[in-house]
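Engineer: Let me begin by handing over the structure; questions about it come next.
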Amino acid sequence: MIDPAKSPRSIPPHSGRHYGWTVLLAQCLLLGCASGPAVGRPPAPDPGRPSATPVPSPAATPSPSPTPARIDFAGRIRPLLEEKCTPCHFPGGRMYDRMPFDRESTVRILGAAMFTRLREAEDQDLLRTFLAQSSEENEPQHAP
């Protein structure tokens with residue numbers, strides 16, 4: 001049976017049990033409202049009011065991007081391969097006779113297959129850029 005002295009209806013509204021939940025609920029609501037801007041779409045701009053952020057004029061042309069520096073095999077690629085693939089693919093290593101990584105021609109022939117040895121994204125990006133630059137320079141030039 002329910003003891004009428006302990007039933008929820010007999011507890012005054014400002015007793016410790018109800019008061020604690022009320023304070024906690026109020027704090028959650030206040031923190032939720034004060035946490036920052038609402039997530040969703042930004043408000044639509046008022047057409048009669050000038051924009052706070054300047055809009056670039058359509059006549060403005062973007063500046064050309066700088067030409068990336070040429071990646072040199074001896075200066076950038078070979079030291080990377082020496083760090084990752086020594087001793088096997090360099091003089092004296094067991095794979096050197098079949099796949100010498102100290103030769104630029106071997107790296108160009110293997111191409112993307114080199115990514116199995118270079119697992120870090122920045123190393124792969126460097127090699128990918130090197131291979132793209134090499135292939136662009138080796139393509140025959142067509143006269144217009």
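Please treat every number below as a calculation from the coordinates, not as lab data. On a predicted model such as this, the values are computed, not experimentally measured, just so you know. Positions of Cβ are backbone-derived with ideal geometry, glycine not excepted, and every protein chain shown enters the neighbour counts.
Engineer: Net charge around P91, counting only other residues with Cβ within less than 12 Å of its Cβ (Lys, Arg = +1; Asp, Glu = -1)?
Structural biologist: For residues surrounding P91, the net value is -1.
Engineer: Next question, about the same structure. Taking neighbour counts of Cβ atoms within 10 Å as a proxy for exposure, in what order, fewest first, do F101, F73, F115 appear?
Structural biologist: Final ranking by Cβ density, sparse to dense: F115, F73, F101.
Engineer: While we're here: In whole Hz and in residue order, list the ³J(HN,Hα) couplings for segment 100-111 that follow from phi through the Karplus curve 6.51 cos²θ - 1.76 cosθ + 1.60, θ = phi - 60°; x for Gly and Pro.
Structural biologist: Karplus values, whole Hz, x for Gly and Pro: x, 7, 8, 10, 4, 4, 5, 5, 5, 5, 6, x.
Engineer: Counting Lys +1, Arg +1, Asp -1, Glu -1, what net charge surrounds E82 among other residues with beta carbon under 14 Å of its beta carbon?
Structural biologist: +1
Engineer: Could I ask something else about it? So for segment 73-138, averaging the separation of alpha carbon pairs under 8 Å that are six or more residues apart and normalising by length, what relative contact order in percent results?
Structural biologist: Averaging sequence separation for qualifying contacts and normalising by length gives 27 percent for segment 73-138.
Engineer: If you place +1 on the Cβ of every Lys and Arg and -1 on the Cβ of every Asp and Glu, how big does the dipole about the Cα centre of segment 73-138 come out, in debye to the nearest 20?
Structural biologist: The dipole of segment 73-138 has a size of about 260 debye.
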